[in-house]
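Trainee: Right, I'll just put the structure down here and ask away after.
Please treat every number below as a calculation from the coordinates, not as lab data. The model shown is predicted, which means the values in this text are computed figures rather than measured ones. Positions of Cβ are backbone-derived with ideal geometry, glycine not excepted, and every protein chain shown enters the neighbour counts.
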Amino acid sequence: MYDRILVATDGSEPAQAAVRHAVGLAAATDATLAALYVVDTETSWLTVSKADVKQTLRRVGERAGENVLADVAARASDGRVPVETALREGVPDEEILVCADEIGADIVVLGTHGRNGVSRRLLGSTTERVARDANTPVLTVHTDDGPRVTTQCE
């Protein structure tokens, strides 16, 4: 059913729930798990020196990303799931979509923070944007009530 599963993570609890689900799905389908961490270097909202801030975001984000990806690799290894990891920088939803296409992902697994109301309208949702624009099915994992499947309609 699935040969390659992409899970994007930022290390948050919802993302960790998505990782757990993706590892289980990969184990059940003998798929390879591709784990992605995106260092968000989008600075359009800043009014200070973008170059300095971007460099700091990159340095801190890369360290955090390496730790998060090491945890995913360990979890996959424990489940005897082949895993590949990638660390990218840019706008998270855009990088997730590009990565999914580049690796030929059969499904993308993402956690959702469950924001609603004003915070959702102001901050947007990476998961929502990926689900809307992906060329492959997207499985969203909610920490409160389990996974929900979102698919493309043509």
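Trainee: Can you figure out the FRET efficiency of ALA64 with GLU13, using R₀ = 22 Å and their beta-carbon distance, to the nearest 0.05?
Mentor: 0.90
Trainee: Here is a further query. What distance in nm separates the two pseudo spin-label positions at ALA27 and VAL91, each 7 Å out from Cα along the beta-carbon direction?
Mentor: 3.7 nm
Trainee: Follow-up question, since we're still on this one. What FRET efficiency comes out for the pair ARG132/ALA73, r = Cβ-Cβ distance, R0 = 35 Å, nearest 0.05?
Mentor: Step by step, r from the Cβ atoms, then E = 0.75.
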